[in-house]
Amino acid sequence: MTAVAERPKPFVFPEYCKGCARCIGACPKDCITLGKEINPQTGLIPVVIDLTLCNGCGLCISACPEPFGLRPQGEEAAFELQDPAKLLGPRPFDVPVPEPRPNTTIPLPAREPLITKGTYAAAIGALLAGCRHVYGYPITPSTEGAELMAKVLPKLDGVFIQAVSEVATVNIMYGAGGAGQRCITFTSSPGFSLMLEGISYMIGSEVPAVFVNVMRGGPGLGNIAPEQADIKLVCRGLGHGNTHAIVLAPATPQEMLDIAMLSFELAFKYRNPVIILGDGYLGQMTGQVRLPRQMVKPGIPEWAVYGDRSHRGNLICSIDLSEADLEQHNVHLNAKYDRMRAEEQRADAYRCDDADILIVACNTPSQLAKSAIQELRGKGQKVGLFRPITLWPFPIDALLPLLPRMKRLVVVEASAGQLEDEVRLALSHAGVHAPPPISHVRRMGGILPQQREIVQHVLGLEEVH
Ligand code: SF4
Ligand code: SF4
């Protein structure tokens, strides 16, 4: 009598099992049951097999839609597929083992200042910071920055892609930033809203990138005139989770360039997105812009998922299924936010030495406030300007020493109080529970606070006194 070879029984490979349960329905012996434990590598719950009654019929293997979900015992070697080195062998191309590639700088000749608009200045700043990857979806009033990049980058071995949407844009940036590349996008308020989920992913997986949000009137599609009503969004609402990013608020085309260069430095220093928050007027405003005397040739950071041997083992991912691990990751991120708070506050003070009324304003409204201050000084008013350059972290350390002399604070802004909320929150966190009385000059809907309105408001304060 010929012996019948025993048919191989199955085993489940948890990393490939999607938990679809088709094998459970296929098994005539009820050997397979739903699992109870999440596989930490996939986030899914693989099935469990008890082979006591198994006759090796193979129906479960046939039913499994995953090529490696269920396999006959004896094929364990196939699992070496997990290891790219065993699967692919040595790299077929002759890549030199890369040297560490830190950033270097290249000196630039002195040249005459440019007269250019804010969006162009930010684009030039990004190029000088070594950015060669620009992705975006056009939206007024930010589009010119991307347009300039689209013209220039092909001549600089760079990449410009007009993505199909803002959602696509931010996810391309996720990939480019994860590869250690310096990338930037130009967008405006509604487009920025669409990018928030991806920004949360990038913050979670510590991927650097620079986002230029040239704010326009909202809510909704609003209009294309300047507003500052995204302050809440960038300071308090960067997508889901415990997210923060350094937010820089330029006030002139020169600052658009300087801050664009700085933003890349900060993004890679902290492995975190950085937001440049402009307004529609600043984006279109033309001004004198002096170029720096050096530009950056970026290296490749050690953490990058980059196509060479030394970066081969790197992984960037924003999922962390273990609650304990995710809490630790949040602790790590919050420690980073604390370092940003301690080291990256930036502010500018104008005529504050003898001031007893302090205007707080940023972006274009700060320029209008300066003009109002000059007029008020001519009328004998001791008024100064405190201009936060970082909106997050708020530069409270520079504001606190000014407070004891101040009789009043006046927040001038093109929103319904979003900057004032940041001021009040920063004061509260600093333990200043009885600050000088705070009043405001606000416009919305694409209208900036006017010099005349600021002057009238401050003179009205004096009358109240
Ligand atoms: S080989 Fe047949 S009996 Fe064994 S677990 Fe699969 S379906 Fe069930
Ligand atoms: S059929 Fe395959 S993927 Fe689906 S539960 Fe069974 S082993 Fe997992």
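Odds and ends about this structure:
- Selection of segment 321-353 for residues being without any contact (Cβ under 8 Å) to a residue 60 or more places away in the chain and touching a Gly at 6+ places or on another chain (Cβ under 8 Å) yields A349, Y350, R351, C352, D353.
- Residue count, segment 240-279 (criterion: over 17 Å from L391 (Cβ atoms) and of a type outside the set (D, E)): 11
- Within segment 14-32, residues that are in contact (Cβ under 8 Å) with a residue 60 or more places away in the chain reach partners that are more than 13 Å from ligand 1 (Cβ to nearest atom) and assigned to a loop (DSSP other than H, G, I, E, B) with beta carbons closer than 7 Å, at six or more positions or on different chains, in the pairs E15/N39; E15/Q41; E15/T42.
Here's the yes/no breakdown for (1) within 7 Å of ligand 1 (Cβ to nearest atom); (2) not aliphatic (A, V, I, L, M):
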{"residue": "I32", "(1), (2)": "yes, no"}
{"residue": "G35", "(1), (2)": "no, yes"}
{"residue": "I38", "(1), (2)": "no, no"}
{"residue": "I49", "(1), (2)": "yes, no"}
{"residue": "N55", "(1), (2)": "yes, yes"}
{"residue": "A63", "(1), (2)": "no, no"}
{"residue": "P67", "(1), (2)": "no, yes"}
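- Some residue of segment 15-26 being near ligand 1 (Cβ under 8 Å from one of its atoms) and either modelled with pLDDT of 90 or more or surrounded by 11 or more Cβ atoms within 10 Å (Cβ to Cβ) (or both): yes
- Matching residues, segment 140-185, being closer than 30 Å to G217 by Cβ, free of Cβ contacts under 8 Å to residues at least 60 places away in the same chain and not in a helix (DSSP H, G or I): F160, I161, Q162, A163, V164, S165, C183, T185
- Residue pairs meeting the criteria (Cβ under 6 Å; at least 6 apart or on separate chains; first in contact (Cβ under 8 Å) with a residue 60 or more places away in the chain, in segment 397-419; second among the β-branched types (V, I, T) and assigned to a helix (DSSP H, G or I)): Q418/I231; L419/I231
- Scanning segment 415-438 for residues that are of a type in the set (S, T, N, Q) and within 13 Å of A361 (Cβ to Cβ) returns S415, Q418.
- Residue that is surrounded by the fewest Cβ atoms within 10 Å (Cβ to Cβ) [pool: residues in segment 389-428 that are over 25 Å from the mean Cα position of the chain (by Cα) and among the β-branched types (V, I, T)]: V410
- Residues of segment 27-64 satisfying the condition of being modelled with pLDDT under 90 and within 9 Å of ligand 2 (Cβ to nearest atom): L44
- Test: residue in segment 366-377 that is free of Cβ contacts under 8 Å to residues at least 12 places away in the same chain and either in the same structural domain as G417 (by TED's automatic domain parsing) or hydrophobic (A, V, I, L, M, F, W, C) (or both): yes
- Segment 14-26 - residue that is more than 8 Å from ligand 2 (Cβ to nearest atom) and not charged (D, E, K, R) and, of those, nearest to G69 (Cα to Cα): P14
- Residue list for segment 440-465, filter: closer than 14 Å to L358 by Cα and in contact with a Gly (Cβ under 9 Å, 6 or more places away or on another chain): H440
The values are calculated or read from the model by the stated rules, or taken from the named source; none is laboratory data. Quantities reported herein were computed from a predicted structural model and do not represent experimental measurements. Neighbour counts are summed over all protein chains in view; Cβ atoms, including those assigned to glycine, are modelled from backbone coordinates with ideal geometry.
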